[in-house]
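Here's the structure, in structure tokens; my notes come after.
The values are calculated or read from the model by the stated rules, or taken from the named source; none is laboratory data. What you see is a predicted model; the values in this text were computed from it and never measured. Please note: Cβ atoms are built from the backbone with ideal geometry, for glycine as well, and neighbour counts cover all protein chains shown. Accessible surface is based on the protein model in full, side chains and every heavy atom, while ligands, DNA and RNA are left aside. Shrake-Rupley method; radii C 1.70, N 1.55, O 1.52, S 1.80 Å.
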Amino acid sequence: MRGSAEQRKWVLATTAPALLFLLVIAYLPIAYAVSLSFFKKTAFNPTMKWVGLANYQFIFEEPELWNAFWRSVVFTLGAVGLQLVWGLVSALLLNRAFKGLNQVRSLFVLPYLLPSIVVALVFQWLLSQEYGVVNQVLMQTGVVTRPINFFGGLGTAMWAVIGMAGWQYGSFATLLILARLQSINPKLYEAAAVSGAGTLRAFRDVTLPNLRTTLIVIALLRGIWMFNKFDSIWLVTHGGPLKATETLPLYAYRLAFEEFDFGLAAAACTVMFLVLLVGAVIYFKLFDPTKEIEVGR
Amino acid sequence: MFIGRRTFVKGAAVSAAAAVAPQVLVRTARGADKSKVLFVSEESNPKAIAVYDKINADFKKETGIEVTMEYPGFANIAKRVATLIATGTPPEIVWYGAGQAMNLAIENQLADVGDVLKATGGTAENLRMIYKGADRSIPTSQQFTYGWYRKDLYDAKKLAAPKSWDDYLKAAKALNDPPNMYGCIIPSAETGASTLLLETMFMKNDVHWFEWNAGKKEYEVSLDKGNQKKRAVETLDYLNELHKNSPEASTYNWGELMSTYFTEKAASSYYVGSRLLDQTIANNPKIADATVPFELPKKVTDAYYLSIQGFHILEKSNVEGAKKYVTFFVKHPDVISWYHAVPLHIIPASREMLHSGKYQDNPVIQKRMDVLKFLDYIWTKGVPLYYWDGKELNPYIGLYHNENLAGWMLAMRNIKGMKSDAIVDEAAAQVRKKMKRVS
């Protein structure tokens, strides 16, 4: 009993700093943001006026919130899908033995290590309508007759942004999938071969089931990170053209720092937070992490 | 060693107090400290910074007041000021556009500076910003939105500087040779560059977003009414025709307005002030001499979108110290070097200074007296947006201007292909909705 009480104290003492840190860095700002959503508060006046649910009513009546939400879904699904495909293909290629393997593996990690601003500038240059390499090649090979305005075109901007995010963050998926691939028991492949399974069949029956947990984890983590992604999109399109790439974080930013309405921005952020919370709860209900880890083994 | 619950709670409380205390102390100290002035300036050109440093040192010698500078830059200054206000430590002085400062005025954050204006010789009527019966701005400089064109290219096609809307369209068509050269630049995006173009062209066609209701003594949206709507539609359709001779350019910002021009991709462009010339001289001097200003052509009026920059002093700060500093700055002999930091771009608020030998004693100005004469010619035609719709300061302009609604209108017309009358209706509806929320 005494030991148990002392153990509790020990647990409290060792976890308290981390909890305090979390409280100050994460929970207090979240609580402040949620409380702010019930006030009218502009950027140029420190006073706050209680407005109840009026901020929520305003943004829910605005089609802009729903449009931004839908664009967030498109961006998240597109970027995560691309990252999974890119990660899977590159991990399968890197899971083979060849000369210079370590160097090639290092190169594949590089995009993930680059700051977003560097990636944004590179893509702006590559895809520029006026001086971009991609347009130059497309024009020279006769694929197009006029340069394409990738980041500025209504029909192309979202795909260009998705492509950029897919390239940059695909390496994360590569790393995780490669690590999992290397832990699959080779005897499983031998057994599949003995049963007459070819490469594709072995991939379907051995590789994919073993990757299931990893793919789900990547989809969840990258899904959350992409849904919240601000910098990559902001740096290349500022949410344009005509809000074609304005996702929920950019919408909230616009409300706060262009319309200077912190109350509305806080309401938009709270909505975003709730969406992610619901997504996370559904995930944990559908895919119990403990079981998934068991299955993954 | 174990930490008891009580010890832990005590420790946490002390930590929290330690975290909060500096904030409280800063807030208390700032209001009381008459020996310090925090000055946030939009102008961050190295030459301008050198002048600030010199004047600030002289000011400290004379008064003992220390001036601390912050240069958040054009894009971030409003956010920086908002942060300082929100944390209870408003800066004493903000130097930026009076249009942006109006947001502070209507939130009752700006001090009455009528006494400073009087002490420094006053200012032109069209540069004053009066709110609740008091001056809220000490104008130092101004910029007009006007065009720049390649005289060599125009001459080669025997074209003169455009004087009318038809001239401008004709010249743009004649010089358009995409993708090597475009006749003009009509940025069509939700950016400040697009917004100022349409707002200026609206002025040229006498389009007003608001009208003054004398009975109610307040402004009401008029953009979608009668002649206003007719002229707004006409302006959008005209810019749509021009846009056919422009890069599609739906991500255009201020930088691109200049770079597209000085990389010889466009025969004409426009800017707020002469920074475009400054950048052309720096990046492509061979076309600098052929870079000539022109009035964005009139349809109904000669009015110019006028940006006014000046000092703004915040209430709840060291107001007396700030007033002393601004008076000292404006009267300081080195202030002329500050105007020369970007010659012909930072235009003095005083016409007398523009005409003075001291101001004109600069190699760039001497070389480009044509630009100075042009500025002198359009001097009285500038109108700040908040006085465009009437004699009373219009507090609602932020509802469309801050959000680049005019840029949105251009983009909807030129990029999305929406009909102009539907765009005008939608824009007016958006402003009305926001007015309702503000009220």
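Of everything in region B:75-99, what is within 10 Å of chain A (Cβ to nearest Cβ) and of a type in the set (S, T, N, Q)? Give them in sequence order.
B:N76, B:T83, B:T87 - these are the residues of region B:75-99 that are within 10 Å of chain A (Cβ to nearest Cβ) and of a type in the set (S, T, N, Q).
Specify the residue that is surrounded by the most Cβ atoms within 10 Å (Cβ to Cβ); the eligible residues are those in region B:40-61 that are acidic (D, E) and modelled with pLDDT under 95.
Once the filter is applied, the top-ranked residue is B:E43.
Scan region A:49-59 and tell me whether some residue there is in contact with a Phe, Trp or Tyr (Cβ under 8 Å, 6 or more places away or on another chain) and surrounded by 15 or more Cβ atoms within 10 Å (Cβ to Cβ).
Checking region A:49-59: at least one residue is in contact with a Phe, Trp or Tyr (Cβ under 8 Å, 6 or more places away or on another chain) and surrounded by 15 or more Cβ atoms within 10 Å (Cβ to Cβ).
Among the numbered criteria (1) in a helix (DSSP H, G or I); (2) surrounded by fewer than 16 Cβ atoms within 10 Å (Cβ to Cβ); (3) touching a residue at least 40 places away in the same chain (Cβ under 8 Å), which single criterion is violated by B:A411?
(2)
Before we move on, is B:V292 at pLDDT below 90 and either of a type in the set (A, V, I, L, M, F, W, C) or not in a loop (DSSP other than H, G, I, E, B) (or both)?
no
Is it the case, given these coordinates, that B:V335 is under 17 Å from B:G121 (Cβ atoms) and touching a helix residue (DSSP H, G or I) at 6+ places or on another chain (Cβ under 7 Å)?
Here the answer is yes, as B:V335 does meet what is asked.
Which count do you get for residues in region B:185-226 that are open to solvent by less than 50 Å² (accessible area, probe 1.4 Å) and away from chain A (no Cβ under 14 Å)?
Qualifying residue count for the region: 22.
Going residue by residue through region B:172-184, is there one that turns out to be in a loop (DSSP other than H, G, I, E, B), away from every other protein chain (no Cβ under 14 Å) and over 15 Å from B:M412 (Cα atoms)? Give the steps one after another, and end with the answer.
Step one: filter region B:172-184 for residues in a loop (DSSP other than H, G, I, E, B), giving B:176, B:178-180, B:183-184.
Of the ones still in play, those that are also away from every other protein chain (no Cβ under 14 Å) are B:183-184.
From what's left, over 15 Å from B:M412 (Cα atoms): B:183-184.
Yes, that holds for at least one residue.
Mind checking which pairs have a first residue in region B:373-400 that is under 24 Å from B:N213 (Cα atoms) and a second that is open to solvent by less than 20 Å² (accessible area, probe 1.4 Å) and among the small types (G, A, S), Cβ under 6 Å, 6 or more apart or different chains?
That search, which allows pairs on different chains as well, returns B:V383/B:A303.
Would you kindly identify the helices (runs of 4 or more DSSP H) lying entirely within region A:85-159 that contain at least 2 residues that are within 14 Å of chain B (Cβ to nearest Cβ)? Break it down into steps so the answer makes sense when it comes.
On the way: elements: A:101-113, A:116-127, A:133-140.
Passing ranges, in order: A:116-127, A:133-140.
Filter region A:21-39 down to residues that are open to solvent by less than 60 Å² (accessible area, probe 1.4 Å) and either touching a helix residue (DSSP H, G or I) at 6+ places or on another chain (Cβ under 9 Å) or facing chain B (nearest Cβ under 9 Å) (or both), then give me how many there are.
Residues flagged as open to solvent by less than 60 Å² (accessible area, probe 1.4 Å) and either touching a helix residue (DSSP H, G or I) at 6+ places or on another chain (Cβ under 9 Å) or facing chain B (nearest Cβ under 9 Å) (or both) within region A:21-39 amount to 7.
Is it fair to say A:A31 is hydrophobic (A, V, I, L, M, F, W, C) and at pLDDT below 90?
no
Somewhere in region B:378-400, is a residue open to solvent by less than 50 Å² (accessible area, probe 1.4 Å), within 13 Å of chain A (Cβ to nearest Cβ) and touching a Leu at 6+ places or on another chain (Cβ under 7 Å)?
No: zero hits.
Filter region A:229-244 for residues that are away from every other protein chain (no Cβ under 14 Å) and in contact with a helix residue (DSSP H, G or I) (Cβ under 6 Å, 6 or more places away or on another chain); which is nearest to A:G279 (Cα to Cα)?
Here the answer is A:F230.
State whether the residues of region B:52-66 include one that is more than 30 Å from B:Y305 (Cα to Cα) and at the interface with chain A (Cβ under 10 Å from one of its Cβ atoms).
Checking region B:52-66: not a single residue is more than 30 Å from B:Y305 (Cα to Cα) and at the interface with chain A (Cβ under 10 Å from one of its Cβ atoms).
So which residues in region B:172-181 are surrounded by fewer than 24 Cβ atoms within 10 Å (Cβ to Cβ) and closer than 24 Å to B:K299 by Cα?
Across region B:172-181, the qualifying residues are B:K173, B:A174, B:L175, B:N176.
Is region B:267-290 home to any residue that is open to solvent by 40 Å² or more (accessible area, probe 1.4 Å) and either of a type in the set (S, T, Y) or in contact with a strand residue (DSSP E or B) (Cβ under 7 Å, 6 or more places away or on another chain) (or both)?
no
Residues A:L250, A:L208, A:L255: which one is open to solvent by 10 Å² or more (accessible area, probe 1.4 Å) and part of a helix (DSSP H, G or I)?
Details: A:L250 fails: open to solvent by 10 Å² or more (accessible area, probe 1.4 Å); A:L255 fails: open to solvent by 10 Å² or more (accessible area, probe 1.4 Å).
The conditions single out A:L208.
Looking only at region A:108-167, count how many residues are farther than 29 Å from A:L88 by Cβ and hydroxyl-bearing (S, T, Y).
4
Conditions first: (1) more than 17 Å from B:V431 (Cα to Cα); (2) in a helix (DSSP H, G or I). B:A189 passes all but one, so which condition is the exception?
Unmet for B:A189, out of (1) more than 17 Å from B:V431 (Cα to Cα); (2) in a helix (DSSP H, G or I): (2).
Open to solvent by 20 Å² or more (accessible area, probe 1.4 Å), outside any helix (DSSP H, G or I) and within 11 Å of another protein chain (Cβ to nearest Cβ): does that describe B:E403?
Yes.
Just to check your reading of the model, which residue among B:G88, B:G73 is within 16 Å of the chain's Cα centre (by Cα) and surrounded by fewer than 21 Cβ atoms within 10 Å (Cβ to Cβ)?
B:G73
Please count how many residues of region B:350-379 are closer than 20 Å to B:G97 by Cβ and polar (S, T, N, Q).
Residues flagged as closer than 20 Å to B:G97 by Cβ and polar (S, T, N, Q) within region B:350-379 amount to 1.
Look through A:T174, A:T156, A:T145 and report the one residue that is open to solvent by 30 Å² or more (accessible area, probe 1.4 Å) and modelled with pLDDT of 90 or more.
Working: A:T174 fails: open to solvent by 30 Å² or more (accessible area, probe 1.4 Å); A:T145 fails: modelled with pLDDT of 90 or more.
Matching residue, one of A:T174, A:T156, A:T145: A:T156.
Output the residues belonging to region A:262-288 that are open to solvent by 20 Å² or more (accessible area, probe 1.4 Å) and either within 10 Å of chain B (Cβ to nearest Cβ) or under 16 Å from B:E403 (Cβ atoms) (or both).
Across region A:262-288, the qualifying residue is only A:F262.
Consider only pairs whose beta carbons are under 6 Å apart and that are at least six residues apart or on different chains; among these, list those whose first residue lies in region B:70-81 and is free of Cβ contacts under 8 Å to residues at least 40 places away in the same chain and whose second residue is in a loop (DSSP other than H, G, I, E, B) and charged (D, E, K, R).
Note: pairs meeting the criteria are B:F74/B:E42; B:I77/B:E42.
To keep it simple, each residue is scored yes or no on (1) more than 23 Å from B:W338 (Cα to Cα); (2) surrounded by 20 or more Cβ atoms within 10 Å (Cβ to Cβ); (3) hydroxyl-bearing (S, T, Y).
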position	(1), (2), (3)
B:M102	yes, yes, no
B:E107	yes, no, no
B:G121	no, no, no
B:G133	yes, no, no
B:T145	no, yes, yes
B:K151	yes, no, no
B:A160	yes, no, no
